[in-house]
Amino acid sequence: MKELIGNDWDQVLNPVFESSEYEKLHSFLRKEYATKRIFPDMNHIFTAFKLTPFVKTKVVILGQDPYHNPGQATGMSFSVMPGVKLPPSLQNIYKELYDDVGAIPVKHGYLKKWADQGVLLLNAVLTVPYGHANGHQGKDWEAVTDAAIKALSKRGKVVFILWGRFAQNKIPLIDQEKNFIIKSPHPSPFSADRGFFGSRPFSRCNTALKNFGETPIDWQLPMTVTKADLA
């Protein structure tokens, strides 16, 4: 069995890690990292899976691909490194977070506290070239992340938070009798006013978790991030 992640995700995803699709992806990424600036760095490609083991995953917040500018990508969807300016979508997430559950907005965008509680901050594509959003879409990352979504769906009692059309295209992979889906427009400035604001995804998520017999998420992020907090 290939051990790429270091927890139970390795066993869950082993069939795809042993597949020809992944071998093709691996060869492609070796060339990309050798010749281009690719984000995140190789040590953080699987950070979301490393921080949130399969057995502990209660919530999935699905993004499209990593941020494509230097210093931003953390290996967790929507999250940025401490000290990096908050992207507009994350600013809007914080606004809705405050309006929904009263969580005080913080000045950093590092979302590891959510991951530590069982929120899988998953991007559908786990790498991106500098300055080229969606640059690695269609290069077989989807085989890995779709397998993860299917495995969680089969296990059940997972809340899937799907913002925007791209994330909602994954709905056919999810058994809605076993799981709970929260969907709305994307928090991007282009669509947040069209139904993301006021959608109350965080309180609805916690209600669903309680109905599943799970502990709700404490959505309040720490005011500061120390070196010990970094993944």
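Would you please classify the overall shape of the range 163-231 from the alpha carbon gyration tensor, given that a ≥ b ≥ c denote the square roots of the eigenvalues, rounded means a/c under 1.5, and beyond that prolate means a/b larger than b/c while oblate covers the rest? Please report the intermediate quantities before stating the final value.
On the way: a/c = 1.79, a/b = 1.20, b/c = 1.49.
Since a/c reaches 1.5 but b/c is at least a/b, the shape of the range 163-231 is classed as oblate.
For the range 8-230, give the magnitude of the charge dipole about the Cα centre (Cβ charges: +1 Lys/Arg, -1 Asp/Glu; no others), in debye to the nearest 20.
On the way: 27 positive and 21 negative charges, 57 e Å.
Charge dipole, the range 8-230, about its Cα centre: 280 debye, nearest 20.
Tally up the carbon and sulfur contribution to the accessible surface of the range 8-230 as a whole percent, 1.4 Å probe, everything protein left in place.
Working: 5450 of 10540 Å².
Carbon-and-sulfur percentage of accessible area, whole number: 52.
Per residue, what accessible area does the range 142-231 have, given a 1.4 Å probe and all protein chains present, in Å²? Mind showing how you got there, number by number?
On the way: 4780 Å² over 90 residues.
Solvent-accessible surface per residue comes out at 53 Å².
Karplus couplings for the range 51-62 from phi (6.51 cos²θ - 1.76 cosθ + 1.60, θ = phi - 60°), rounded to Hz, Gly and Pro as x?
6, 10, x, 3, 5, 9, 6, 10, 9, 10, 10, 9
Which cross-chain or sequence-distant (5 or more) residues have an amide H under 5 Å from the amide H of VAL80, H modelled 1.01 Å from N in plane?
The list, which skips near neighbours in sequence, is GLY109, TYR110, LEU111.
Give a residue-ordered list of calculated ³J(HN,Hα) values for the range 14-19 (Karplus: 6.51 cos²θ - 1.76 cosθ + 1.60, θ = phi - 60°; whole Hz; x for Gly, Pro).
Taking θ as phi minus 60°, the curve returns 4, x, 6, 5, 8, 7 Hz for the range 14-19.
Over the chain, what is the relative contact order in percent, taking alpha-carbon pairs closer than 8 angstrom and at least six residues apart?
Numbers: 415 pairs, mean separation 54.0, N = 231.
Computed value for the chain: 23 percent relative contact order.
Between VAL128 and residues 5 or more places away or on another chain, which pairs have amide H atoms under 5 Å apart, with H built 1.01 Å from N, and which residues are they?
Those lying under 5 Å, H to H, from VAL128 are PHE39.
Any idea what % of Cα-Cα pairs in the range 27-83 are farther than 19 Å? Kindly include the intermediate steps, with their values, before the conclusion.
Details: 555 of 1596 pairs.
I get 35 percent for the Cα pairs in the range 27-83 exceeding 19 Å.
Treating the range 34-133 as a set of equal point scatterers at the Cα positions, no solvent, please give the Debye-formula log₁₀ I(q)/I(0) at q = 0.20 Å⁻¹.
Debye intensities relative to I(0), on a log10 scale: -1.01.
Taking only the C-alpha atoms, wrap a convex hull around the chain and report its volume per residue in Å³ as a whole number. All intermediate terms of the calculation are to be shown ahead of the outcome.
Values: hull volume 27.4 nm³, N = 231.
Expressed per residue, the convex hull around the Cα atoms of the chain is 119 Å³.
Check ASN123: other-chain or 5+ apart residues with amide H under 5 Å from its amide H, H built from backbone geometry?
Residues meeting the criterion, in which the H sits 1.01 Å from N, are GLY63, SER77.
Hey, what do the phi angles of the range 178-191 turn into as Karplus ³J(HN,Hα) couplings, whole Hz, using 6.51/-1.76/1.60 and θ = phi - 60°, x for Gly and Pro?
9, 10, 10, 10, 10, 10, 6, x, 5, x, 4, x, 6, 9
Run lengths n ≥ 4 of DSSP H only: what is the helix-derived mean residue ellipticity at 222 nm for the chain, with -39500 (n - 2.57) per run over all residues, to the nearest 500?
Numbers: 8 runs with 80 residues, N = 231.
After summing the helix terms and dividing by the residues of the chain, the value is -10000 deg cm²/dmol.
Return an integer: the convex hull volume of the alpha-carbon atoms of the range 130-209, in Å³ per residue. Let's see the in-between values first.
Working: hull volume 8.8 nm³, N = 80.
So the per-residue Cα hull volume is 110 Å³.
The values are calculated or read from the model by the stated rules, or taken from the named source; none is laboratory data. On a predicted model such as this, the values are computed, not experimentally measured, just so you know. So basically every Cβ, Gly included, is an ideal-geometry build from the backbone, and we count neighbours across all protein chains shown. Quick note on the areas: whole protein, heavy atoms, side chains included, nothing else; ligands and nucleic acids left out. Shrake-Rupley method; radii C 1.70, N 1.55, O 1.52, S 1.80 Å.
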